[in-house]
Amino acid sequence: DADEDCVSQDLAVQRMKIYNIKTNTSEDPGDIGIVVDGIKVLTALGNFPRACSMLIGLTYAVNLAYPKELRYTLEVFQKLFLELDCSKLSPKVNSLKNKLLA
């Protein structure tokens, strides 16, 4: 299918991404998964919140470097929301934390 080829080509160039490939049927949630360096590493995760938690867990467990454009977003998830390694905050994330707790 041409759409599947287009999606596969797009995912192949992604550094780190949560994807959601919807099917034509409304009952089927589609395929929600994670791509790292253009390779589908986790598929059929079922829902977006699970995919987010799996992405954070994967990057933390495998000690992957965050992509530059997602660095602060993923750091907030890891260190503020999940409280993993929360004693070492970057200045930007520390500033956000102080504003949120004020």
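What's the angle, to the nearest 10 degrees (0 to 90), between helix 91-101's Cα axis and the longest principal axis of the chain?
80
Under 8 Å for C-alpha pairs, at least 6 residues apart: give me the relative contact order for the chain, rounded to a whole percent.
Normalised by residue count, the contact order of the chain is 16 percent.
Excluding residues fewer than 8 places away in the same chain, name every one of the lysines whose C-alpha is closer than 17 Å to that of Lys97.
Lys79, Lys88
Any chance you could give the angle, 0 to 90 degrees and rounded to 10, that helix 2-12 forms with the longest Cα principal axis of the chain?
Helix 2-12 sits roughly 30 degrees off the main axis of the chain.
Of the listed values (i) 15.9, 52; (ii) 44.9, 150; (iii) 13.4, 42, grab the one calculated as Rg and Dmax of the Cα atoms in Å from the structure here.
Comparing each candidate, only (i) matches the computed number.
If r is the Cβ-Cβ distance from Glu4 to Leu84 and R0 is 30 Å, what FRET efficiency results, to the nearest 0.05?
On the way: r = 36 Å, r/R0 = 1.19.
Working from the Cβ atoms, E equals 0.25.
Can you compute the FRET efficiency between Tyr60 and Leu96 using 1/(1 + (r/R0)^6), with r the Cβ-Cβ distance and R0 = 30 Å? Round to the nearest 0.05.
Once the sixth-power term is evaluated, E becomes 0.95.
How tilted is helix 48-62 with respect to the longest principal axis of the chain? Cα atoms for both, answer in degrees (0 to 90, nearest 10).
So the inclination is approximately 60 degrees.
Bear in mind these aren't lab numbers, they're just calculated from the coordinates by the rules spelled out. The shown structure was predicted, so the numbers you read here are calculated from the model rather than taken from an experiment. Reconstructed Cβ throughout: ideal geometry from the backbone, glycine too, with neighbour counts over all protein chains shown.
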